[in-house]
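This report concerns only the one structure given below.
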Amino acid sequence: MLTLAAVVLSLVVVNLSGIVEPESNTPYVEINLNEPEPVVEPSPAMKMQATKDIKYINRRWTRKGLTSLDVYQPMYIHGRGQDVVDRPILIFIHGGAWAFGDKKRLEHKAEMALRNGWVYVSINYRLSPRVKHPEHARDAAAAIAYVRDHAQEFGGDASNIVIMGHSAGAHIAAIVACDEDLLSEYGMKPSDLDGVVLLDGAGYDIPNQMNSPLLTGVTRKMYERAFGTDTQAWIQASPTLQAKPGDDLPPLLAVHIDRARSRIETPKLVEAWAATGAMAKVHYAPEPDHKGINTNIGKENDPDSQVVEAFILKAFAQD
């Protein structure tokens with residue numbers, strides 16, 4: 001048995017500010033934090049058991065650990081003669097400019113999962129420049145399918161899955177959840193997910209970003225390493241351009257901070273998502289920075305975390 005510890009590490013922060021474009025008219029949506037009730041009653045007599053470095057798929061010429069995931073399973077502290085079963089599952093996709101980061105950076109999200117009796121899964125994926133899109137997303141799709149197929153082994157409910165990502169991980173979560181080809185390779189479809197949470201993502205509309213004369217230097221190189229230089233590839237990798245009316249998509253909560261690119265791209269993604277007929281909400285978090293929004297989510301008294309937690313509870317309750 002392992003006791004859960006919050007690990008707070010410095011993250012790579014990509015500054016995309018300074019690109020001025022028209023603001024979207026999408027209104028910010030207030031979320032009622034008083035409902036719904038938790039799907040599973042929180043229990044102070046529970047702790048997390050960690051099972052780490054589970055390989056979810058074999059990829060040739062892949063560095064050890066990049067196609068693996070960690071599972072944090074709620075367990076009773078004292079034996080009660082019963083197993084913890086059929087728990088909702090929250091899957092997290094880390095950020096890091098599609099080139100850095102690791103699943104071991106828990107921050108406070110696993111604590112939030114424990115409070116609510118959820119299974120928490122954190123995944124790795126192959127990184128740029130070794131691979132380009134769609135390989136990051138293909139790995140994430142494979143990991144999600146693995147979790148669904150093996151849910152009972154760690155007390156999870158395969159029919160009750162929400163995915164969450166931060167920064168580049170938010171882009172990966174969004175494209176996996178709206179590009180049916182990615183999940184269909186592993187026998188799933190976007191509507192199999194109960195919800196998607198995006199934390200200050202990047203790359204929602206890559207052509208718009210790449211065609212700006214203000215996108216130069218390190219940031220442009222970062223995108224080229226992840227998505228190449230072909231315009232059609234940029235379109236295929238852009239969730240805002242892939243979410244189309246008639247698509248059967250899961251509910252979406254897109255959180256963004258007070259950052260120029262975030263203020264532009266996030267409402268446009270929410271507009272495109274809502275145009276499919278799916279529930280889509282945007283939440284503006286003016287206080288934290290790009291790293292802080294990821295660090296804070298899961299803290300019990302953090303206002304932005306409360307919005308995220310309420311959305312996830314509602315998504316699980318609608319299963």
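Okay, here's what the table says:
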| read-out | value |
| --- | --- |
| Residue pairs meeting the criteria (Cβ under 7 Å; at least 6 apart or on separate chains; first more than 14 Å from Ala170 (Cβ to Cβ), in region 186-210; second among the charged types (D, E, K, R)) | Met188/Arg148; Lys189/Glu180; Pro190/Glu180; Pro190/Asp248; Ser191/Asp248; Asp194/Asp319 |
| Qualifying positions in region 128-145 - under 16 Å from the mean Cα position of the chain (by Cα) and closer than 11 Å to Ala99 by Cα | His136 |
| Flag for Thr266 being over 23 Å from His108 (Cα atoms) and in a loop (DSSP other than H, G, I, E, B) | no |
| The one condition in (1) small (Gly, Ala, Ser); (2) closer than 17 Å to Thr67 by Cβ; (3) surrounded by 23 or more Cβ atoms within 10 Å (Cβ to Cβ) that Ala170 fails to fulfil | (2) |
| Hits in region 276-288 - residues which are charged (D, E, K, R) and either farther than 19 Å from Gln306 by Cβ or not in a loop (DSSP other than H, G, I, E, B) (or both) | Lys281 |
| Meets criteria (in contact (Cβ under 8 Å) with a residue 24 or more places away in the chain and in contact with a strand residue (DSSP E or B) (Cβ under 7 Å, 6 or more places away or on another chain)) for Pro267 | yes |
| Filtered residues of region 231-283 (kept if in contact with a Pro (Cβ under 7 Å, 6 or more places away or on another chain), of a type in the set (Asp, Glu) and within 18 Å of Met164 (Cα to Cα)) | none |
| Unique residue being of a type in the set (Asp, Glu), surrounded by fewer than 16 Cβ atoms within 10 Å (Cβ to Cβ) and modelled with pLDDT of 95 or more when the list is Asp83, Asp102, Asp70 | Asp102 |
| Failed condition for Val218, given (1) touching a Phe, Trp or Tyr at 6+ places or on another chain (Cβ under 8 Å); (2) surrounded by fewer than 21 Cβ atoms within 10 Å (Cβ to Cβ) | (1) |
| Subset of region 92-127 (residues that are assigned to a strand (DSSP E or B), under 13 Å from Ser68 (Cα atoms) and either in contact with a Leu (Cβ under 9 Å, 6 or more places away or on another chain) or of a type in the set (Lys, Arg) (or both)) | Phe92, Val121, Ser122, Ile123 |
| Within region 289-315, considering residues that are in contact (Cβ under 8 Å) with a residue 24 or more places away in the chain and among the polar types (S, T, N, Q), the one surrounded by the most Cβ atoms within 10 Å (Cβ to Cβ) | Asn294 |
| Within region 167-202, tally of residues that are modelled with pLDDT of 95 or more, of a type in the set (A, V, I, L, M, F, W, C) and not in a helix (DSSP H, G or I) | 6 |
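The values are calculated or read from the model by the stated rules, or taken from the named source; none is laboratory data. Note that this is a predicted model, so its numbers are computed, not measured. Using ideal geometry, Cβ is built from the backbone for each residue, glycine included, and neighbour counts are taken over all protein chains shown.
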